[in-house]
Amino acid sequence: MNVVPESSLMADLLALSRFRNYRRGDLMIRQGDVASSVVMVLEGHVKVWRVLGSGKSDVLAFRGRHDVIGRTAVLYGRPRSAYVEALERCRVALVPGASYLALMERHGFMGRVSEDIRERLAETIAVRGGSDVSAQLAFVLTRILDRQRAGGFCDPGPVALHSTQEDLGCHLGIGRNSVSSGLRQLESMGVRRRRGRIEILDNEKLRKLARTVQA
């Protein structure tokens, strides 16, 4: 399971947090803003995206329940490098940046957090530019499954990602038609397209294909 290192300190982090609810399309982080907090997703999925110098949008990642977002800017004292947008109704915990850093330092977690950030960046790079679209999609979707079910908090039914095919294509660096074709190939592996969402059912066939992408 791809579990964030902060998971073992969840109770401590929640005790430091204030909580907010967001609707689909709401921005919880804005590119260029000062980083004052770390965001823990408690319910729902979000899209992490940025605006390039050319003015085009670049979808960097999809994150969901139990993910921690906005750590890099807090760790290194930088402005926010991307937007974080709710893809559905979301509930999040906002941990003050200084409190987050102090807790990570006290428990000796700074190295683990930095490594987790590097691994997630490596995943984003690995999934782009591959020749097998269905494998790229399988990789992204199984990562969503793993993070959604971190710690065993999710039932065994399908996980729904409320994303458009355009956003998936932007994330993978391919066109919408290629995404549509790739998703059709994954239908025999437990992936279903529904109106406004993609449903993912965990199974070994999907995971076997995902493992062909090396992060």
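Worth a mention:
- Helix-only CD estimate at 222 nm, as mean residue ellipticity for the chain, using -39500 (n - 2.57) per DSSP H run (n ≥ 4): -11000 deg cm²/dmol
- Label reach from residue 212 (point 7 Å along Cα→C-beta): in segment 171-185, amide nitrogens under 15 Å belong to 182-185.
- In degrees, nearest ten, helix 97-106 long axis to first principal axis of the chain (Cα): 90
- Each Lys and Arg contributes +1 and each Asp and Glu -1, all at the Cβ; summed about the Cα centre of the chain, the dipole is approximately 460 debye.
- Farthest toward the positive end of the dipole of the chain, out of 98, 38, 158, is the Cα of 158, where the dipole comes from beta carbon charges about the Cα centre.
- Across segment 5-124, C-alpha contacts under 8 Å between residues 6 or more apart give a mean separation that, scaled by the residue count, equals a relative contact order of 38 percent.
- Between the helical axis of 176-185 and the longest alpha-carbon principal axis of the chain there is an angle of about 70 degrees.
- Distance in nm between pseudo-label sites at residue 125 and residue 185 (7 Å out along the Cβ direction from Cα): 2.5
- Shape class of segment 127-210 from the alpha-carbon gyration tensor: prolate, with a/c at 1.5 or above and a/b greater than b/c.
- Angle between the chain longest axis and helix 133-148 axis [Cα atoms, degrees, rounded to 10]: 40
- Calculated log₁₀ intensity ratio I(q)/I(0) where the Debye formula runs over C-alpha points of the chain, q = 0.12, 0.16, 0.17 Å⁻¹: -0.62, -1.12, -1.26
- Neighbourhood charge, 14 Å Cβ-Cβ cut-off, centred on residue 185 and excluding it, Lys, Arg +1 and Asp, Glu -1: +3
- In this simple spin-label approximation, residue 23 and residue 43 carry label points 7 Å from Cα along the Cα→Cβ vector, and these lie 1.6 nm apart.
- Signed unit charges on C-beta, dipole axis of segment 43-105, positive-most listed residue 51, 87, 74: 51
- Computed from the C-beta positions of residue 33 and residue 105 and an R0 of 30 Å, the FRET efficiency is 0.80 to the nearest 0.05.
- For the chain, averaging the sequence separation of C-alpha pairs within contact (under 8 Å, six or more residues apart) and dividing by the residue count gives a relative contact order of 23 percent.
- Electrostatic dipole magnitude of segment 127-210 [Cβ: Lys, Arg +1; Asp, Glu -1; Cα centre; debye, to 20]: 100
- Across the options 182, 145, 110, the greatest Cα extent toward the positive end of the charge dipole of the chain (unit charges at beta carbon of Lys, Arg, Asp, Glu) belongs to 182.
Read-outs throughout are calculated quantities, based only on the coordinates presented, and are distinct from any laboratory measurement. Because the structure is predicted, anything quoted here is derived from the model rather than measured. Glycine also receives a Cβ, built like all others from the backbone with ideal geometry; neighbour counts cover every protein chain displayed.
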